[in-house]
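Chemist: Can you read through this structure? Questions will come right after.
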Amino acid sequence: MTETLLKVRHLKKYFPVRQGILQRTIGYVKAVDDIDFDIFRGETLGLVGESGCGKSTTGRSILRLIEPTDGVIEFEGRDISNVKSGKMRTLYRDMQLIFQDPYASLNPRKTVEKLLGEPMAVHGMYTPSERKKRVHELLEVVGLHAYHAARYPHEFSGGQRQRIGIARALALQPKLVICDEPVSALDVSIQSQVLNLLKQLQQELGLTYLFIAHDLSVVKHISDRIGVMYLGRIVELSHKKSLYSKPLHPYTQALLSAVPVANPREKRDRIILEGDVPSPANPPGGCTFHPRCSACMDICRTERPLLRDFGDGHMVACHLYNQ
Amino acid sequence: MKPLLNISGLKTHFFTAEGVVRSVDGVDIMIGEGETVGLVGESGCGKSVTSLSIMRLVPWPPGKIVEGSIMFQDKDIVCLSEAEMRDIRGNDIAMIFQDPMTSLNPVFTIGDQIVETIRLHMKLNKKKALSRAVDLLKQVGIPRAEQIVNEYPHRLSGGMRQRVVIAMAMACNPKLLIADEPTTALDVTIQAQILDLMRKLKKDNGTSILMITHDLGVVAEMCDRVVVMYGGKVVEEADVNTLFTAPSHPYTKGLLQSIPSIDQEKEWLDSIPGNVPIPSEMPEGCKFAPRCIYAMERCQTEEPTLYEIGNGQKSRCFLVEEGARYDGNTIESKTS
């Protein structure tokens with residue numbers, strides 16, 4: 001599992017802020033600000049963070065659905081950050097996306113058969129009759145039935161729609177699937193069904209996931225390694241065991257302690273962070289977390305800490321550990 | 001404990017072109033003074049309609065309370081006139097909604113909106129009402145309250161807006177606070193702040209809280225007693241410790257097992273098969289039977305009542321009556 005499937009280096013996405021009648025750029029929202037990570041073949045890399053931390057932008061930049069400002073993205077050793085959009089399309093055979101909202105991501109005017117068959121048709125895979133067979137197969141794989149193929153999305157519940165979304169992502173037999181909050185719109189009992197399905201498909205088809213979510217317990221359940229993002233930067237990246245048992249970054253510690261536990265007897269010490277996440281249009285200098293950090297030092301206000309490995313692949317970007 | 005609110009046999013139905021939707025179908029809930037009761041269930045189980053019924057905010061048409069009573073102190077809310085109801089809303093019973101983005105009026109300042117509530121129910125002049133508004137904002141932990149009071153809602157973040165909504169709800173020291181998914185739209189660290197705030201307010205003012213949520217972690221942290229709803233009915237009721245350690249109804253068990261835990265390592269999650277039935281396809285008999293691994297023949301045709309188990313725990317399941325002992329995944333009385 002040490003073969004790198006996706007390599008991301010210095011990925012940046014700055015959205016210009018325009019104002020006035022001439023629409024002049026007056027500043028940038030640094031949604032993703034210089035992040036590095038690798039995804040190994042067959043693993044699940046979780047990406048957690050609060051709203052606005054840039055986790056979804058990261059996922060979309062990798063697929064170049066949002067054009068990154070800067071950085072290198074290597075897929076199977078090939079630099080795809082400058083590939084033209086036509087060529088990029090052939091790469092979508094290997095990289096697919098599952099969206100958050102199962103209501104908005106399916107075209108309401110197409111039947112399930114059309115929805116699932118379309119990616120295959122676009123890529124010229126299979127003959128029409130083979131395609132039909134493959135659609136039925138896909139439906140069975142995600143726990144639906146072949147007779148569902150003739151139905152329209154509105155006839156399905158949220159959980160079933162998410163299954164269709166998953167089937168569509170799998171239609172081209174991709175290597176990498178980017179799951180952008182795939183279960184956050186679902187009820188708990190349905191959420192567990194979909195999580196189990198994703199895990200089972202990974203084992204059967206040897207998929208690699210980039211799993212983006214805000215729910216820390218969900219991410220822990222599904223991921224092998226987890227990256228924690230704050231204001232466009234990865235502040236900590238580690239194997240899930242060490243991350244959850246021994247979080248190093250003060251933000252990760254606060255984030256983990258804030259999760260309500262479904263056990264009324266357990267009272268944990270909670271670190272309550274002061275204030276809100278600052279605006280990414282005007283992030284604080286140095287370490288972006290320093291205004292809310294209880295262990296803030298002088299250096300944190302001026303110098304950006306770099307993500308460094310502190311043994312066993314436990315990477316953290318914090319000045320506390322740099323001494 | 002003295003009951004503050006007592007709902008009995010509440011039925012709220014919606015009369016639509018496709019037929020009658022029984023969103024709330026015979027619900028009994030008691031909330032004691034100073035108690036926090038959690039109302040848990042998945043989307044469409046009727047938990048929000050129950051709370052709207054308490055506030056008499058169910059839109060007619062198509063919705064209507066067709067049966068039952070809601071005793072608040074010594075008044076039956078169901079029989080009150082609209083004018084009497086307006087007196088209670090915001091004064092004795094206040095509500096916090098899920099989405100802090102839409103529950104504030106964008107064209108009035110925060111001060112205006114809090115002052116409006118205060119002046120409707122309390123005999124205070126404008127100046128005093130405004131200073132009370134500032135005090136309230138300070139209570140809910142808003143920095144620079146004197147300035148924020150003159151700001152418009154769009155200037156505040158989600159967490160801040162939810163604090164304002166809470167301040168507004170607490171403006172007249174209500175006896176009961178209904179919180180409908182108060183933290184669902186917020187990030188975890190902000191959620192922790194808001195839950196902390198609600199606990200503090202409850203301690204300081206002795207307010208009873210009806211906490212409507214689907215997040216069992218929030219329930220475990222905030223509530224004294226929990227009511228679980230499924231298909232418009234209460235399926236289990238217990239104090240919070242009993243519910244999490246010895247749940248009785250198969251649905252409650254399924255729910256508890258299907259959440260991934262941050263402390264435990266599990267390869268596969270247990271999940272409840274199938275989907276929540278849509279109202280027009282509500283099964284006969286036990287509403288949960290089609291998804292229940294313990295379902296027996298009689299579950300398909302007969303509807304169980306809410307059985308008393310003891311210690312205040314109640315469960316709507318025939319297994320209680322049959323005295324069947326079952327735990328985890330072993331099914332000892334699958335066939336009757």
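Chemist: Out of the residues in the stretch A:54-101 meeting the condition of being over 22 Å from A:Asp224 (Cβ atoms) and of a type in the set (Asp, Glu), tell me which one is farthest from the other protein chains (Cβ to nearest Cβ).
Modeler: A:Asp79
Chemist: Additional query: Output the number of residues of the stretch A:172-202 satisfying the condition of being at pLDDT 90 or above and of a type in the set (Gly, Ala, Ser).
Modeler: 0
Chemist: For the structure I just gave you, tell me whether A:Val122 is in contact with a strand residue (DSSP E or B) (Cβ under 7 Å, 6 or more places away or on another chain), of a type in the set (A, V, I, L, M, F, W, C) and surrounded by fewer than 17 Cβ atoms within 10 Å (Cβ to Cβ). Before you say what the answer is, go through the steps one by one.
Modeler: Working: in contact with a strand residue (DSSP E or B) (Cβ under 7 Å, 6 or more places away or on another chain): no; of a type in the set (A, V, I, L, M, F, W, C): yes; surrounded by fewer than 17 Cβ atoms within 10 Å (Cβ to Cβ): yes.
So A:Val122 fails the test.
Chemist: Kindly provide the set of residues from the stretch A:84-117 that are in a loop (DSSP other than H, G, I, E, B), charged (D, E, K, R) and modelled with pLDDT under 90, ordered by number.
Modeler: Residues satisfying the conditions are A:Lys84, A:Arg93, A:Asp101.
Residue by residue, here is whether (1) more than 17 Å from the chain's Cα centre (by Cα); (2) outside any loop (DSSP other than H, G, I, E, B) holds:
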residue: B:Thr12; (1), (2): no, yes
residue: B:Ser43; (1), (2): no, no
residue: B:Lys64; (1), (2): yes, yes
residue: B:Val78; (1), (2): yes, yes
residue: B:Ala83; (1), (2): yes, yes
residue: B:Leu104; (1), (2): yes, no
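Chemist: Say we look at the stretch A:24-53 and pick out the residues that are within 14 Å of another protein chain (Cβ to nearest Cβ) and at positive phi; which of these is surrounded by the most Cβ atoms within 10 Å (Cβ to Cβ)?
Modeler: Ranking the qualifying residues of the stretch A:24-53, first place goes to A:Gly49.
Chemist: Ok, one more. What residue, among those in the stretch A:1-56 that are in a strand (DSSP E or B) and among the basic types (Lys, Arg), is farthest from A:Leu205 (Cα to Cα)?
Modeler: Ranking the qualifying residues of the stretch A:1-56, first place goes to A:Arg24.
Chemist: Next up: At least 1 residues that are more than 8 Å from every other protein chain (Cβ to nearest Cβ) and of a type in the set (D, E, K, R) in each: list the helices (runs of 4 or more DSSP H) lying fully within the stretch B:205-316 that qualify.
Modeler: Counting at least 1 such residues, we get B:250-258, B:297-301.
Chemist: Additional query: Within the stretch A:106-120, can one find any residue that is under 23 Å from A:Gly42 (Cβ atoms) and without any contact (Cβ under 8 Å) to a residue 24 or more places away in the chain?
Modeler: No, the stretch A:106-120 contains no residue that is under 23 Å from A:Gly42 (Cβ atoms) and without any contact (Cβ under 8 Å) to a residue 24 or more places away in the chain.
Chemist: Here's a follow-up. Among (1) β-branched (Val, Ile, Thr); (2) part of a strand (DSSP E or B); (3) closer than 22 Å to B:Leu177 by Cα, where does B:Val58 come up short?
Modeler: (2)
Chemist: Given the condition within 14 Å of another protein chain (Cβ to nearest Cβ), of a type in the set (Val, Ile, Thr) and crowded, with 22+ Cβ neighbours inside 10 Å, answer yes or no: does some residue in the stretch A:165-175 qualify? Let's see the steps before the verdict.
Modeler: First pass over the stretch A:165-175, keeping only residues within 14 Å of another protein chain (Cβ to nearest Cβ): none.
The answer is no, given that none of the residues of the stretch A:165-175 is within 14 Å of another protein chain (Cβ to nearest Cβ), of a type in the set (Val, Ile, Thr) and crowded, with 22+ Cβ neighbours inside 10 Å.
Chemist: Kindly provide the set of residues from the stretch B:190-204 that are at the interface with chain A (Cβ under 8 Å from one of its Cβ atoms), in contact with a helix residue (DSSP H, G or I) (Cβ under 9 Å, 6 or more places away or on another chain) and of a type outside the set (S, T, N, Q), ordered by number.
Modeler: Here is the first cut: in the stretch B:190-204, the residues at the interface with chain A (Cβ under 8 Å from one of its Cβ atoms) are B:190-193, B:195-196.
Right, trim to in contact with a helix residue (DSSP H, G or I) (Cβ under 9 Å, 6 or more places away or on another chain) and you get B:190-193, B:195.
Across the stretch B:190-204, the qualifying residues are B:Ile190, B:Ala192, B:Leu195.
Chemist: Follow-up question, since we're still on this one. Test B:Gln193 against the stated conditions and say whether it is modelled with pLDDT under 90, farther than 27 Å from B:Met229 by Cβ and not charged (D, E, K, R). Working first, answer last.
Modeler: Working: modelled with pLDDT under 90: yes; farther than 27 Å from B:Met229 by Cβ: yes; not charged (D, E, K, R): yes.
It is true that B:Gln193 is modelled with pLDDT under 90, farther than 27 Å from B:Met229 by Cβ and not charged (D, E, K, R).
Chemist: Out of all the residues in the stretch A:275-287, is one or more touching an Asp or Glu at 6+ places or on another chain (Cβ under 7 Å) and either crowded, with 20+ Cβ neighbours inside 10 Å or more than 13 Å from chain B (Cβ to nearest Cβ) (or both)?
Modeler: Step one: list which residues in the stretch A:275-287 are touching an Asp or Glu at 6+ places or on another chain (Cβ under 7 Å), which gives A:277, A:286.
From what's left, either crowded, with 20+ Cβ neighbours inside 10 Å or more than 13 Å from chain B (Cβ to nearest Cβ) (or both): A:277, A:286.
Yes, that holds for at least one residue.
Chemist: Now a separate question. If only one of A:Gly59, A:Gly46, A:Gly42, A:Gly71 is in contact with a His (Cβ under 6 Å, 6 or more places away or on another chain) and closer than 29 Å to A:His314 by Cβ, which one is it? Spell out how you get there, then give the answer.
Modeler: On the way: A:Gly59 fails: in contact with a His (Cβ under 6 Å, 6 or more places away or on another chain); A:Gly46 fails: in contact with a His (Cβ under 6 Å, 6 or more places away or on another chain); A:Gly42 fails: in contact with a His (Cβ under 6 Å, 6 or more places away or on another chain).
After ruling out the rest, the residue left standing is A:Gly71.
Chemist: Are there any pairs with C-beta distances below 9 angstrom linking a residue in the stretch A:130-143 that is among the charged types (D, E, K, R) to a residue that is crowded, with 19+ Cβ neighbours inside 10 Å and not in a helix (DSSP H, G or I), with the two at least 6 apart or on different chains, and if so which?
Modeler: Note: pairs meeting the criteria are A:Arg134/A:Ala171.
The values are calculated or read from the model by the stated rules, or taken from the named source; none is laboratory data. Just so you know, these numbers come straight off a predicted model, no measurement behind them. Reconstructed Cβ throughout: ideal geometry from the backbone, glycine too, with neighbour counts over all protein chains shown.
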